[in-house]
Each structure stands twice: as structure tokens, then as C-alpha cells.
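Just below is one structure, and these are the notes that go with it.
The values are calculated or read from the model by the stated rules, or taken from the named source; none is laboratory data. All of these numbers come straight from a predicted model, not from anything done at the bench. Here Cβ is always computed from backbone atoms with ideal geometry, including for glycine, and neighbour counts include all displayed protein chains. These accessible areas exclude ligands, DNA and RNA; they are computed on the full protein's heavy atoms, side chains included. Shrake-Rupley method; radii C 1.70, N 1.55, O 1.52, S 1.80 Å.
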Amino acid sequence: MSVIASKNKANWNAYAEKYSRYEHSEQKMSHIAENPANAFDPVAWEVLHKYVPGLKGKKVCVPSSGDNHAVYAFAMMGACVTSCDISENQLANAERAAKQYGWDKNINFICADTMLLNGIKDDEYDFVYTSNGVHVWIDDLSGMYRSIYRVMKPGGMYMMYEIHPFQRPFGYDGTFKKSYEATGPFDNEDCVTFGWRVMDIMNAVFHSGLVVRHMEEILPKKNYEWPFWFTHSEILDGAAASREEVDRRWEGHKMALLPEMLVVAAQKLNHL
């Protein structure tokens, strides 16, 4: 494990309890329990069903599983899911939440660095999925995608749902923070992050051997639960705004003109 990954691991272990109180709240969990589609953006859900139409009995790996919302959804859909994360505390909280709903029977929680996927067998998974906010923590994109390719079965699919790199130069309030060309590392007291460009991510995908089948860019939508000017930490601390304030500030929100999320579906061919 790299020095950067070790620092981020410690940060997430320290942050995990606060994160879990929000992401594994009754409101969040019951929403997923009602319908697994609620764990996904509607566009991502459509792409998922187009390229991975049936998950019952399939083996699925979710590296950097974080809140594990997608993991829970896949388990509900009948998949045998491996949830991988660098933080033991994140995994423990996710497993505890899964047990409350009986989803843990279909989930194996493994502490593993996404850039290595240590302990995960080669050619094992029908589908690998990474959700939003993964790439910002990755210091070796090539290693990440080599590992993803390695654990996939020939013919298997990979899908990412990720914050669009066009959003990274800006703060939550839309103010300009950095050049698009500046990719990091951005080191602070607690963690190290990166602002990878579209070409950085996609070249890592291409060079791994995966063949891209589809891509979607998703524009921002008005979100009353998470007003756009609040940071993640502020939301976890209970920050909120009225619908009227969200409506008013949305009208002048320049970031609404840029894509917010990126969806990519790629495949490991049976033969190179």
C-alpha cells in the first residue's frame, strides 16, 4: 500500500462513524429497501440494465464501496457481492447496516486497496462497479484498472458512475479553485486527493485492456436534500436549506451548465 493510500485509509477509519450516521440512516436505508433502483441515478440505472441485464446468481465486485448503497442494491437483485474498501471501519459499519435488512447473506466484506485488490482472485467476477467519489482518492489509476481487469471474467462488464472531472476545478459554491490541468496530489493535514481529468481516467481504462461500450454525461439536477453550495461535511453535520432558497440560488448556479456525473460501461473481451 502506498504512503498516500495509508494516509487516506487512516482518515476514512477516523471519519467512518460520522459518515455512517448519515449514509446508513433509516431514511437512506429504507429508501433502498423499497426499491434497489433508488441506489442509482436514473441514467446509471438504465445503462446498468442495458449492459448487465440480469444479476441474479452473478458475482459482483464493488471496489471502494464506501456507503455500500450499490452493494445493498446488487444483493437485493440476487447477486453474490464482494464489497471492497480500504477502511475496516467503513466495512464494519456497512456490514452492520446490511445485517439489519438481511442483505449480509449475499455480501462478502473484504478490506482491500482498490489499486491492488489484494486477496481477490483473477477472472472471478461477472460485473465490477465503482460509484461516485472513488477516483479522487486514487494515486495510481493504471494500477486500479489493471486490478479491475484482472479480477473480471472474460466477457465481464465494468461500470463507473463518477463525479465528472469538469466539476473538480470548482468549489461547492461554484467558485474557481484550481486549473483543470492541475491533477494533484493535493495534500492536507488529514488526506491526499486528486483531480483527474477525463483523459487520465479514460486512458487508464483503455490501457487496462477494457473496451468501452457506452458513455453518458449527466447534467446536475436540483437537489433539495443536498443543496449544491453545502460541502459533504456540512451535510453530515445537518446543514439544510428551504426549498425556496434552493430554487432562488439554483437560478444563478453556473455549475448547472456543466455535466455533473460521468457514466462509463466497458467490457473485458473473451479474446484480445
Checklist entry - Hey, got the dipole for the chain? About the Cα centre, +1 on K and R Cβ, -1 on D and E Cβ, debye to the nearest 20? => result 680
Checklist outcome for this item: Result for the chain: accessible area per residue, probe 1.4 angstrom, in square angstrom, of 47
Checklist entry - Relative to the Cα centre, what is the charge dipole magnitude of the stretch 35-187, using +1 at the beta carbon of each Lys and Arg, -1 at the beta carbon of each Asp and Glu, and rounding to the nearest 20 debye? => result 460
Checklist outcome for this item: Rg/Rh of the stretch 1-72 (Cα atoms, Kirkwood Rh), to two decimals, equals 1.05
Next on the checklist: Rounded to whole Å, give me the distance from the Cα center of the stretch 75-107 to that of the stretch 240-271.
Outcome noted: 27
Checklist entry - From the cross-link list Lys9/Lys221; Lys9/Lys254; Lys18/Lys58; Lys28/Lys222; Lys9/Lys178; Lys9/Lys56, which pairs have alpha carbons spaced over 28 Å apart? => result Lys9/Lys221; Lys9/Lys254; Lys18/Lys58; Lys9/Lys56
Checklist entry - So for the chain: antiparallel DSSP bridges make up what percent, rounded to the nearest 5? => result 50
Next on the checklist: Sorting check: for 262-269, 156-163, 178-185, which peptide has the highest mean count of neighbouring beta carbons within 10 Å, and how do the rest follow?
Outcome noted: 156-163, 262-269, 178-185
Item to check | Rg/Rh (Cα only; Kirkwood hydrodynamic radius) as it applies to the stretch 129-272 | outcome: 1.02
Checklist outcome for this item: Output for the stretch 198-272: GluC sites (Glu not before Pro) sitting in coil per DSSP, at most 14 other Cβ within 10 Å, listed by number, reads Glu225, Glu251
Item to check | Orientation-averaged projected area, Cα convex hull of the stretch 34-125 (nm²) | outcome: 5.9
Next on the checklist: From the convex hull of the Cα coordinates of the chain, what is the mean projected area in square nanometres?
Outcome noted: 13.7
Checklist outcome for this item: When all Cα-Cα pair distances of the stretch 174-246 are considered, the percent exceeding 14 Å is 76
Checklist outcome for this item: So, for the Cα atoms of the stretch 1-159, Rg and Dmax in Å stand at 14.7, 41
